[in-house]
1. With respect to A:Thr187, is the statement that it is of a type in the set (Ser, Thr, Tyr) and assigned to a helix (DSSP H, G or I) true?
2. So which residues in the stretch A:179-212 are away from ligand 1 (no atom under 16 Å from the Cβ), within 14 Å of chain B (Cβ to nearest Cβ) and more than 14 Å from the chain's Cα centre (by Cα), if there are any at all?
3. Among the residues in the stretch A:58-65, are any charged (D, E, K, R), surrounded by fewer than 19 Cβ atoms within 10 Å (Cβ to Cβ), touching a residue at least 40 places away in the same chain (Cβ under 8 Å) and within 16 Å of ligand 1 (Cβ to nearest atom)?
4. From A:Ile169, A:Ile121, A:Ile181, A:Ile197, which residue is out of contact with any helix residue (DSSP H, G or I) (no Cβ under 6 Å at 6 or more places or on another chain) and crowded, with 20+ Cβ neighbours inside 10 Å?
5. Just the residues that are touching a helix residue (DSSP H, G or I) at 6+ places or on another chain (Cβ under 8 Å) and farther than 17 Å from B:Thr83 by Cα, please, taken from the stretch B:37-48.
6. Scan the stretch A:41-67 for residues that are away from ligand 2 (no atom under 14 Å from the Cβ) and closer than 25 Å to A:Tyr254 by Cβ and report the count.
7. Somewhere in the stretch B:264-272, is a residue of a type in the set (Phe, Trp, Tyr) and within 29 Å of B:Leu25 (Cα to Cα)?
8. Of the residues that sit in the stretch A:207-265 and are of a type in the set (S, T, N, Q) and in a helix (DSSP H, G or I), which one is nearest to ligand 2 (Cβ to nearest atom)?
Amino acid sequence: MSAAQIPSLVVENLTTRFGSDRDGATVVDGVSFVLTPGQTMALVGESGSGKSATALSLMRLIEPPGRIIAGRVLLDGRDLLTMPERGMEDVRGGQIGMVFQDPLTSLNPALTIGRQITETILAHRDITPAEAERQAIDLLVRVGVSDAARRIHDYPHHFSGGMRQRVLIASAISCAPAIIIADEPTTALDVTVQAKILRLLHDLQQEMHASMLLITHDLGVVAAMADTVMVMYAGRIVEQTDVDTLFHAPRHPYTKALLACVAGIEDDRSVPLQPISGMAPDLKDLPRGCRFAPRCPLVQDVCRTTDPALRAVSRSHSVACLLVQEETAVV
Amino acid sequence: MGAFLAKRFLGVLPVIFGVSIVIFLLVQLAPGDTATVLLGPQATEAAKEELRRALGLDRPLAVQYFQWLGRVLTGDFGTSIATQIPVLDLVLPRFVNTLILTAASLLLAIVLGYGIGFFTALRANSLFDRIATSCMLMAGSAPPFWLGLVLVLVFAIDLGWFPVSGMEDFAGDGGTMDLLHHLVLPAVTTALGPAAIIARIVRSGILDVLGRAHVRVARSKGLQRRDLLRRHVILNALPPIVTITGLQLGYLLGGALLTEVVFAWPGLGSLLYDSITARDLPVLQAATLLIALAFVLANIAVDAINAMLDPRLREI
Ligand SMILES: Nc1ncnc2c1ncn2[C@@H]1O[C@H](COP(=O)(O)OP(=O)(O)O)[C@@H](O)[C@H]1O
Ligand SMILES: [Mg+2]
């Protein structure tokens, strides 16, 4: 087996709940996937579908009243969900680097940006602060911050949103993590810098041969950057496949509805998800049967009573839809 | 930092000037008439008039004020009308005693307030949090006078752990231990109210910062809990906490003055009480001015600490 085929992260039945057993919501519901080294997997879905909760669960950063109630997250064969907190501290920032949505609030206003990069390095490497500072300067140069040697002494409020996201990316990749998780890294940024930041992330991921979980609601970004895609709806993965199949032969009615809004997609063009008609279900009060049934144009009676599981329809394509299963049974 | 402090000092000069006017005028409001108090109720109107002229009390208030200010600026606070002792000799030792009580109370309020606030925030809504928070609420809303008397009853009279009043034991060695022994009850009495307020502010401040996005980012870096709390939570929570602590310093000073009367602590509080009764204006004025100055200096110290903590303030 070549290195490229050894999965770097295996997620099985990840389930995360907010609130109490009686009055709560399962916001990540039995999510399973595999991240392959050197590949980018996109996670798309409308707001509130559980994308961030999935990413935070992988890092075990879910805070009360939320908690992970089931599943396994295997990294090099070790389950992150049962690992002691100390071990998890090594994983965070060391083996998995995370980039968050809002660079304006993600940096600590009371610390210099140099400090906010070196503290990541020093948490994982046994080197002197001076050496960490040299590395921080190199990292800043690498992510495109000019005059880095001087700017490491500046505080975040001297940086624009795009520059802050570069700083945060520098910190996230400072220990050469095998996995990068980027949760809508450009949503809060000016459109003119969005493409630059995404290109930077893409280039870094390629250089480091890392795998990336890229959360986005921009189908143009998916087309440009991802190798594989997961579509999330109300806490569940409803379709999972490679990027070509997703755009050319989507099977789930929800995916189809999303794509219908953006006919004729081209690389590198920003195509934000369009809201489709109807309302996302209340996670505290889910409909019986398929969660998408109330909004589904193809809904059948069976959809309102039976909850569809995610099933493989081909070697690299899984769909959670009762109608699709029937279709494949016939074919 | 030097320029910052210089600017702050220049900025408070008008404040101090205003304060001196207010003090001068307020002191005039003390009940009674100086000449009557000094000469007794039997004194003739002519004798009183004579005394007023001698003390300069017959001139217009504005003239009296500027004469007083001129003398104060040269360090001359005059002589106590009631005791004929130079005001500074009377006031300064008392002021030091008040500062000792205030400093001890501040230390206690900080240790209690910061400690309880911090740990209740980290365990927010736990049983420990609820118990500690209600205890602080009760302790904080008890009037200091009453609190002082209860503490004396329990710890001085019933248990005999601490002396009932005063600042030193005449039989004792008069050393630091003796002083600390006498200090405990008045300091606790003065500190509890401010400690409760500080604890509440610390708790909500830490909770607020814990919910901020940069804390989650810091956790995603794999920092150890200790570093995370120190650099990404406490450092950010401190500015409002330091400000509130500085404000409490005012209350502590005021509270100490009251506590002094309960515990017969020989500080400015008891002196103020006596000089109001005796309408000893020079003493009253000097004492209140010293208190106001202490207050202003404390505020500058608070601003300086905050400027060190927050890079954005430092650049203004
Ligand atoms: N701290 C929290 N407490 C309660 N519910 C939460 C919390 N964080 C997220 N949720 C809920 O979890 C669901 C998924 O949220 P999220 O993962 O942020 O969605 P997405 O990133 O896809 O927009 C939402 O319904 C949201 O209301
Ligand atoms: Mg999100």
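1. On the way: of a type in the set (Ser, Thr, Tyr): yes; assigned to a helix (DSSP H, G or I): no.
No; evaluated as a whole, the condition is false for this residue.
2. Result: no residue meets the conditions.
3. no
4. Of the residues listed, the single one that is out of contact with any helix residue (DSSP H, G or I) (no Cβ under 6 Å at 6 or more places or on another chain) and crowded, with 20+ Cβ neighbours inside 10 Å is A:Ile169.
5. Step one: of the stretch B:37-48, the residues touching a helix residue (DSSP H, G or I) at 6+ places or on another chain (Cβ under 8 Å) are B:38-39, B:43, B:47-48.
Once the filter is applied, which keeps residues that are touching a helix residue (DSSP H, G or I) at 6+ places or on another chain (Cβ under 8 Å) and farther than 17 Å from B:Thr83 by Cα, the stretch B:37-48 yields B:Ala43, B:Ala47, B:Lys48.
6. 1
7. To start, the set of residues in the stretch B:264-272 that are of a type in the set (Phe, Trp, Tyr) comprises B:265.
With within 29 Å of B:Leu25 (Cα to Cα) added as a condition, the list becomes B:265.
Among the residues of the stretch B:264-272, at least one is of a type in the set (Phe, Trp, Tyr) and within 29 Å of B:Leu25 (Cα to Cα), which makes the answer yes.
8. This residue is A:Thr255.
The values are calculated or read from the model by the stated rules, or taken from the named source; none is laboratory data. The structure displayed is predicted, hence computed values, not measured ones. No Cβ is skipped: glycine too gets one built from the backbone with ideal geometry, and neighbour counts run over all protein chains shown.
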